[in-house]
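A.B. asks: Got a structure here, written out as structure tokens. Questions coming.
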Amino acid sequence: MDSCGGKKGPVGLAYDERMCAHFDPREDPHPEDPQRIKAVWEMLQSEGIPERCVVMKAKSADEKNIALVHSQKHVDFIRTISSKGLDAKRGKIASRFNSIYFNKGSSEAAFLAAGSVLELTEKVAKGELGAAVAIVRPPGHHAEHNEPMGFCLFNNVAIAANFLVNEKPELGIKKILIVDWDVHHGNGTQKMFWNDPRVLYFSVHRYDNGSFYPGGDDGAYNKVGEGLGTGYNVNVPWEHGRCGDADYLAVWDNILIPLAKSFDPDLVLISAGFDAAIGDPLGGCRVTPYGYSIMTKKLMDFASGKIVLALEGGYNLNSLAKSVLACVKVLLEDKPIDGSFEAYPFESTWRIIKVVRQELRRFWPIFSEELPQAQLINIDSARVPELISASSSESDSEDNAESDVTKDISQAKTADTHHANVVLAFSKLEIDETKCNKGVASNNSQTIVPGISAEVTVPLPAQIAETTSSWRSAFSKVDVWYASYGSNMWKPRFLCYIEGGQVQDMQRPCVGSNDRRPPKNVMWTTVPHRLFFGHSRTSTWGAGGVAFLHPESNSNNKAHICLYKITLEQFNDVLVQENRAIYAGNLPVVDLALVDYVAANKSVALQPLKEGWYHNVIFLGVQDDLPILSMTCPMSDIDRFKSGELPLSLPAAGYKSCLIRGLVEGKQLCQQDAVAYLDSAATFPL
């Protein structure tokens, strides 16, 4: 056994199955589940990696060390959340937080994850280990000073970094570089070192102008720290998904590596999320294991190779495991895995690199030089695209003031365009409905993108071409079926979302779609889903509830739906209007890969529209080889409706009248039966 691993000292691994006791107690599969670390560990074992490393069992972090970055109230809360006395209340407590679940194993797992990262980091700082990888969960970089967030309970990396610089000065770790390559911005870590020049926080992440999780402007390029920490917070915000090896390595070579040389850290901590990996169901990017290995290799030139990788996100088990393996092999100083990457980054990548360097040159002279001229071709400005979200239309919260929706979506024509992969139109795609549970779509040319619990097949043309055409142009040629079960069953009402305007009883107009062509076909069917009415007021219809479709099917239920054959561009515009947002049109909310993912996994909640009531896109089957898509509330809202946190209400009078017109004029039910159908949906217990 080679227990010494790499030439610079042993490589440490931390793994403990006790962290698998933390899982979502609900029946729905959750992306952050125990299989994540199990898959990684099994991959490492299959390659004989543990025998070459120092393997450590997890050790719970001391509360006093956690309390250096989290409030004592938060520490006490996480310690007690798994106590037996909270068994009946735990789910309701979790619902108060942003993307959090708890169970009886959560407390121990959180303390073990934080303790593992801290212990490995201390041993690397002491020289007992040359480098280390903490295979831990729950992740940490979203956790803030006083609350959990985004699957994260304790901020594992922040706890370790703070411990070294404040509690262990004798180890000589005076400067720490935190590299956060998770696809989501590490809002919690950023805030914890906002004023601290001893810790340089660097994050490269999807931003989408603040619409990508965790949302807001914390991840913007101009968030550089304050006070003594000004210039020590660096954000590289992607304008869109699809970024891959070439984009990340361009950032490494033109921002991170020069920055690291100037900062000269004593230790490097990596918030190693692998949800920017190819095929990840949440990230939408395409970094390969080879790309991660090269990013790690480049960072080994600093701090005498003292690097600790702490697992953050990563929800495609195959990509996650292979990417971690690639990084561990680099730390062991094996020959990097074979691989290559696309020749050129996106144009938007160079635009972001340019604007970040311009922002940093005030603090870091290394960036006073301009980028090589060849890299600046066609970069006229460093403008980040906009997505301005409000609340919702039929999905207005009672407390939200009505938004001033005066800008037409057609303004999107003037927005910046980006390189995009041209994919086959669904009109040319054969989807085998009997295989949808397994996510199988048939086509001669395809790439497999594993999802959360199934493999999703994303069809691609034989030769992928990069184009500067807007997504609207491409998606105007792709057809889908939009399934309506509410007021849109009445065609004149639905046309408001396409042509703009309003019908009788509507209290506000719709802006319409960029593409105002009428539906190519209209038909009716029924689905085994429960119709119900929730919330108590909307700005569109006034007082009363509006329709929702239970996301899960049940053979005991039957709901009438009207199918409109529209383009994927129009579907995006309808989706945005339903969720009350003005979209600048730079990127679609739903692209072809996401459509295929929904077909395999039945539903997906859309983060950019999370404030809307109808941001959960669901798949209802196939008609004429085209997917049938609808939109409703997420499953988390179903629990809130059941508990009474969200009200179930009779439909508004004008709204109900609109539904009746749709059913009657669509020749589905007579007037009397339509009233009975809606009354039953509104009064039968959920």
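A.B. asks: If you go through the range 627-643, how many residues are more than 18 Å from residue 488 (Cβ to Cβ) and open to solvent by less than 60 Å² (accessible area, probe 1.4 Å)? Write out each step before concluding.
C.D. replies: First, the residues of the range 627-643 that are more than 18 Å from residue 488 (Cβ to Cβ): 634-643.
Within this subset, residues satisfying the condition of being open to solvent by less than 60 Å² (accessible area, probe 1.4 Å) are 634-638, 641.
Summing the residues that are more than 18 Å from residue 488 (Cβ to Cβ) and open to solvent by less than 60 Å² (accessible area, probe 1.4 Å) in the range 627-643 gives 6.
A.B. asks: For the subset of the range 55-81 comprising residues that are of a type in the set (Lys, Arg) and part of a loop (DSSP other than H, G, I, E, B), which member is farthest from residue 148 (Cα to Cα)? Full working, then the answer.
C.D. replies: At the first step, the residues of the range 55-81 found to be of a type in the set (Lys, Arg) are 57, 59, 64, 73, 79.
Next, from what is left, pick out any that are part of a loop (DSSP other than H, G, I, E, B): 57, 59.
Numbers: 57: 25, 59: 21 Å.
Checked the range 55-81; the qualifying residue farthest from residue 148 (Cα to Cα) is 57.
A.B. asks: Name the residue that is most open to solvent (accessible area, probe 1.4 Å), counting only residues in the range 269-285 that are at pLDDT below 95 and not acidic (Asp, Glu).
C.D. replies: Keep residues of the range 269-285 that are at pLDDT below 95, which gives 278-285.
If we keep only those that are not acidic (Asp, Glu) too, we end up with 278-279, 281-285.
On the way: 278: 76, 279: 8, 281: 27, 282: 59, 283: 0, 284: 39, 285: 8 Å².
Ranking the qualifying residues of the range 269-285, first place goes to 278.
A.B. asks: I need the full set of residues from the range 161-182 which are hydrophobic (A, V, I, L, M, F, W, C) and outside any helix (DSSP H, G or I), in order please.
C.D. replies: Keep residues of the range 161-182 that are hydrophobic (A, V, I, L, M, F, W, C), which gives 161, 163-165, 171, 173, 176-179, 181.
Residues satisfying the conditions are 173, 176, 177, 178, 179, 181.
A.B. asks: Hey, any hits in the range 205-225 for a residue that's at pLDDT below 95, surrounded by fewer than 24 Cβ atoms within 10 Å (Cβ to Cβ) and either within 16 Å of residue 263 (Cβ to Cβ) or acidic (Asp, Glu) (or both)?
C.D. replies: For the range 205-225, residues at pLDDT below 95, surrounded by fewer than 24 Cβ atoms within 10 Å (Cβ to Cβ) and either within 16 Å of residue 263 (Cβ to Cβ) or acidic (Asp, Glu) (or both): present.
A.B. asks: May I ask you to verify whether residue 9 is at positive phi and modelled with pLDDT under 95?
C.D. replies: On the way: at positive phi: yes; modelled with pLDDT under 95: yes.
Yes.
A.B. asks: Given the residues 644, 662, 612, which is the only one that is farther than 21 Å from residue 556 by Cα, at pLDDT 95 or above and of a type in the set (Gly, Ala, Ser)?
C.D. replies: Values: 644 fails: at pLDDT 95 or above; 612 fails: at pLDDT 95 or above.
Just one listed residue meets the conditions, 662.
A.B. asks: Out of 92, 59, I need the residue that is open to solvent by 70 Å² or more (accessible area, probe 1.4 Å) and within 27 Å of the chain's Cα centre (by Cα). Which one?
C.D. replies: Working: 59 fails: within 27 Å of the chain's Cα centre (by Cα).
Exactly one residue qualifies, and that residue is 92.
A.B. asks: So is residue 46 open to solvent by 70 Å² or more (accessible area, probe 1.4 Å) and small (Gly, Ala, Ser) or not? Full working, then the answer.
C.D. replies: Values: open to solvent by 70 Å² or more (accessible area, probe 1.4 Å): yes; small (Gly, Ala, Ser): yes.
Yes: the conditions hold for residue 46.
A.B. asks: May I pose another question? Which numbered condition in (1) at pLDDT 95 or above; (2) closer than 24 Å to residue 317 by Cα; (3) open to solvent by less than 40 Å² (accessible area, probe 1.4 Å); (4) of a type in the set (A, V, I, L, M) is the only one that residue 66 fails?
C.D. replies: (2)
A.B. asks: Give me the pairs, please: first residue somewhere in the range 130-152 and closer than 16 Å to residue 76 by Cα, second residue anywhere and of a type in the set (Phe, Trp, Tyr) and open to solvent by less than 10 Å² (accessible area, probe 1.4 Å), beta-carbon distance under 7 Å, and either six or more positions apart or on two chains.
C.D. replies: These pairs meet every condition: 143/154.
A.B. asks: Just to check your reading of the model, which residue among 491, 565, 520 is touching a residue at least 24 places away in the same chain (Cβ under 8 Å), open to solvent by 10 Å² or more (accessible area, probe 1.4 Å) and under 28 Å from residue 607 (Cβ atoms)? Don't jump to the end; show me each part of the working.
C.D. replies: Numbers: 491 fails: under 28 Å from residue 607 (Cβ atoms); 520 fails: under 28 Å from residue 607 (Cβ atoms).
The conditions single out 565.
A.B. asks: Here is a follow-up. Name the pairs whose Cβ atoms lie under 9 Å apart, with the first residue in the range 583-605 and over 12 Å from residue 475 (Cβ atoms) and open to solvent by less than 10 Å² (accessible area, probe 1.4 Å), the second part of a loop (DSSP other than H, G, I, E, B) and modelled with pLDDT of 85 or more, and 6 or more positions between them or separate chains?
C.D. replies: If the second residue must be part of a loop (DSSP other than H, G, I, E, B) and modelled with pLDDT of 85 or more, the pairs left are 598/590.
A.B. asks: Which ones in the range 510-526 are under 31 Å from the mean Cα position of the chain (by Cα) and modelled with pLDDT of 95 or more?
C.D. replies: none
A.B. asks: Something else about it: Please count how many residues of the range 190-238 are of a type in the set (D, E, K, R) and part of a loop (DSSP other than H, G, I, E, B). Don't jump to the end; show me each part of the working.
C.D. replies: Applying the first criterion (of a type in the set (D, E, K, R)) to the range 190-238 yields 191, 196, 198, 206, 208, 217-218, 223, 226.
Imposing the further condition that a residue be part of a loop (DSSP other than H, G, I, E, B) reduces the set to 196, 198, 217-218, 223, 226.
Residues meeting the conditions: 6.
A.B. asks: Shifting gears a bit: So in the range 286-308, with the set limited to residues that are open to solvent by 40 Å² or more (accessible area, probe 1.4 Å) and modelled with pLDDT under 95, which one is nearest to residue 322 (Cα to Cα)? Walk me through it before giving the result.
C.D. replies: Filtering the range 286-308 down to residues open to solvent by 40 Å² or more (accessible area, probe 1.4 Å) leaves 286, 290, 297-298, 301, 304, 306.
Restricting the remaining residues to those that are modelled with pLDDT under 95 gives 286, 290.
Details: 286: 13, 290: 9 Å.
Within the range 286-308, the match that is nearest to residue 322 (Cα to Cα) is 290.
A.B. asks: In the range 651-673, what residues are surrounded by fewer than 20 Cβ atoms within 10 Å (Cβ to Cβ) and closer than 30 Å to residue 604 by Cβ?
C.D. replies: 666, 668
A.B. asks: What's the number of the condition residue 243 fails, among (1) under 19 Å from residue 192 (Cα atoms); (2) buried (at least 20 other Cβ atoms within 10 Å of the Cβ); (3) among the hydrophobic types (A, V, I, L, M, F, W, C)?
C.D. replies: (1)
The values are calculated or read from the model by the stated rules, or taken from the named source; none is laboratory data. Given the structure is predicted, the values throughout are model-derived calculations rather than measurements. Note that each Cβ is placed from the backbone with ideal geometry, even for glycine, and that neighbours are counted across all protein chains shown. All accessible areas refer to the heavy atoms of the entire protein, side chains included, with ligands and DNA or RNA removed. Shrake-Rupley method; radii C 1.70, N 1.55, O 1.52, S 1.80 Å.
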